[in-house]
Amino acid sequence: MFQREISSDEVNEVVRFGETIEVYPDDTPYPSRLIKGVVEERTLHVVVSDNTKDEELIIITVYEPDPKLWEMDFVRRKKR
């Protein structure tokens, strides 16, 4: 987050109000998902892992999606 100049407030906003666009149920040790959100006109993707046993949400990574890899809505990956 620090290297990408993304604040914890921005991450919290995406997690709270963003849209889950991909789900990875087979990830270990916990299932994870990709959340897309827009904060002050900046699109962000946040990958989180859901530890439901301990009622814990673990932030895995946060980034600005690359327009070369994602469709204009940043919800669907471009086909290669």
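Listed values, structure above:
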{"read-out": "Conditions (1) hydrophobic (A, V, I, L, M, F, W, C); (2) at pLDDT below 95; (3) at positive phi: number failed by Phe74", "value": "(2)"}
{"read-out": "Qualifying positions in region 3-39 - crowded, with 18+ Cβ neighbours inside 10 Å, closer than 16 Å to Leu57 by Cα and of a type in the set (A, V, I, L, M, F, W, C)", "value": "Val11, Val14, Leu34, Ile35"}
{"read-out": "Selection status of Val48, β-branched (Val, Ile, Thr), surrounded by 10 or more Cβ atoms within 10 Å (Cβ to Cβ) and touching a residue at least 24 places away in the same chain (Cβ under 8 Å)", "value": "yes"}
{"read-out": "Members of region 25-39 found to be in contact (Cβ under 8 Å) with a residue 24 or more places away in the chain and either assigned to a loop (DSSP other than H, G, I, E, B) or over 15 Å from Glu13 (Cα atoms) (or both), listed by number", "value": "Tyr30, Ser32"}
{"read-out": "Candidate set from region 64-80 (those that are among the aliphatic types (A, V, I, L, M) and more than 11 Å from the chain's Cα centre (by Cα)); member that is farthest from Met1 (Cα to Cα)", "value": "Met72"}
{"read-out": "Gln3, sole failed condition from (1) in a strand (DSSP E or B); (2) at pLDDT below 95; (3) among the polar types (S, T, N, Q)", "value": "(1)"}
{"read-out": "Residue match in region 53-63 (condition: more than 18 Å from Ser8 (Cβ to Cβ), in a strand (DSSP E or B) and more than 13 Å from the chain's Cα centre (by Cα))", "value": "no"}
{"read-out": "Matching residues in region 6-24 - criterion: being part of a loop (DSSP other than H, G, I, E, B) and under 23 Å from Asp54 (Cβ atoms)", "value": "Gly18"}
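The values are calculated or read from the model by the stated rules, or taken from the named source; none is laboratory data. As the structure is a prediction and not an experimental result, all values here were calculated from the model. Because the Cβ atoms are built from the backbone with ideal geometry, glycine has one as well, and the counts that use them run over all protein chains shown.
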